[in-house]
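A short write-up of the structure that comes next.
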Amino acid sequence: MTGEGKMNACKLALRQEKAHQTIIEVPGPASAPVMIGQGYFTLIAGPCAVENRDDYLELAVRLKNGGLHILRGGAFKPRTSPYSFSGLGIEGLDILSEARSVTGLPVITELMDIRNLDAVCCHADIIQVGSRNMQNYALLKELGRVKMPVMLKRGLSATIEEWLLAAEYILEAGNQRVMLCERGIRTFETATRNTLDINAIPLVKTLSHLPVFVDPSHGSGIRSLVSPVAKAALIAGADGVMVEVHQNPAEALSDGQQSLNPDEFNQLSQELRKIAGYEKRVFL
Ligand code: PEP
Ligand code: MN
């Protein structure tokens, strides 16, 4: 059976006809909205976690000057060990807000706990649901009731059908502004942190009308792989990439080994812009 035949349980996430594609306009603080889906290629980048105000603001401005469309930064971090840095919490959200007004870029941040929903809605433009929460159905249903775009990352061991059904929870509860993010899955391979499922990009683009992003940072776990995998994602049809960037990756409090430095990011951004041109994609 092909991938297409297996998705019978999905309804709203599926493409109704060939031309059916969701386009998401993210207003943000600047006058022109950022566009996601339907021929656009959208660049999201920033550190895994917001660590302090001054470094974050400086990095945000450098990334904006490098062609960034949407700024990322974790304030609530899901960490495997309870002893690892788990983000600045509400203070991190305040720093995100400031970066948003300084750069004019919309921001995306992860929501882990429904009790922080209002705070995240006030400070961010897109809510990220992390891999570990892809099947947190209470959280997904709640996000179906908000008027904010949601990025749903693929669960560590989720099949494509389970991932689309998770999106279905948000859509069914009334929020149509859902984008997906392939971030690698668990396989027998241990040379990389996760195995990025490149097949998922064209397959999900065929099955679903929802925009599909790729996260080459968590998808590989290795800095030198991030740029080649990001370019592969564009060619495979992804609507954008989300990349971790840190001003000094060796000193990062989380995920430094998979973070680009700002110069590496700017180089990647230029290369993606060129490839987007060949692919007849709109890179604003
Ligand atoms: C992240 O984007 O920093 C993150 C924690 O990603 P994931 O949920 O894919 O592990
Ligand atoms: Mn991370």
Filtering the stretch 131-182 down to residues that are surrounded by fewer than 23 Cβ atoms within 10 Å (Cβ to Cβ), within 12 Å of ligand 1 (Cβ to nearest atom) and either among the basic types (Lys, Arg) or modelled with pLDDT under 95 (or both) yields 132
Restricting attention to the stretch 90-115, which residues are of a type outside the set (A, V, I, L, M), over 12 Å from residue 30 (Cα atoms) and assigned to a helix (DSSP H, G or I)?
-> 91, 92, 94, 97, 98, 115
Those residues that are assigned to a helix (DSSP H, G or I), aliphatic (A, V, I, L, M) and in contact with a strand residue (DSSP E or B) (Cβ under 9 Å, 6 or more places away or on another chain), I need them from the stretch 116-148; list them, please.
-> 117, 120, 139, 140, 143
Report yes if some residue within the stretch 214-230 is away from ligand 2 (no atom under 16 Å from the Cβ), within 17 Å of residue 44 (Cα to Cα) and hydroxyl-bearing (Ser, Thr, Tyr); otherwise report no.
-> yes
Among the residues of the stretch 1-46, which ones are in contact with a helix residue (DSSP H, G or I) (Cβ under 7 Å, 6 or more places away or on another chain) and in a loop (DSSP other than H, G, I, E, B)?
-> 7, 9, 10, 11, 12, 13, 15, 29, 41
Return a yes/no flag: does the stretch 78-98 have any residue that is touching a His at 6+ places or on another chain (Cβ under 7 Å), of a type in the set (A, V, I, L, M) and buried (at least 24 other Cβ atoms within 10 Å of the Cβ).
-> yes
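Residue-by-condition table, conditions (1) part of a strand (DSSP E or B); (2) over 16 Å from residue 129 (Cα atoms); (3) aliphatic (A, V, I, L, M):
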{"site": "164", "(1), (2), (3)": "no, no, yes"}
{"site": "168", "(1), (2), (3)": "no, no, no"}
{"site": "180", "(1), (2), (3)": "yes, no, yes"}
{"site": "198", "(1), (2), (3)": "no, yes, yes"}
{"site": "202", "(1), (2), (3)": "no, yes, no"}
{"site": "205", "(1), (2), (3)": "no, yes, no"}
{"site": "227", "(1), (2), (3)": "no, yes, no"}
{"site": "230", "(1), (2), (3)": "no, yes, yes"}
Checked the stretch 175-194 for anything within 16 Å of residue 222 (Cβ to Cβ) and without any contact (Cβ under 8 Å) to a residue 12 or more places away in the chain; matches are 187, 189, 190, 191
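The values are calculated or read from the model by the stated rules, or taken from the named source; none is laboratory data. Bear in mind the structure is a predicted one, so any value in this text is a computation, not a measurement. Quick reminder, even Gly has a Cβ in these numbers, built from the backbone with ideal geometry, and neighbours come from all protein chains shown.
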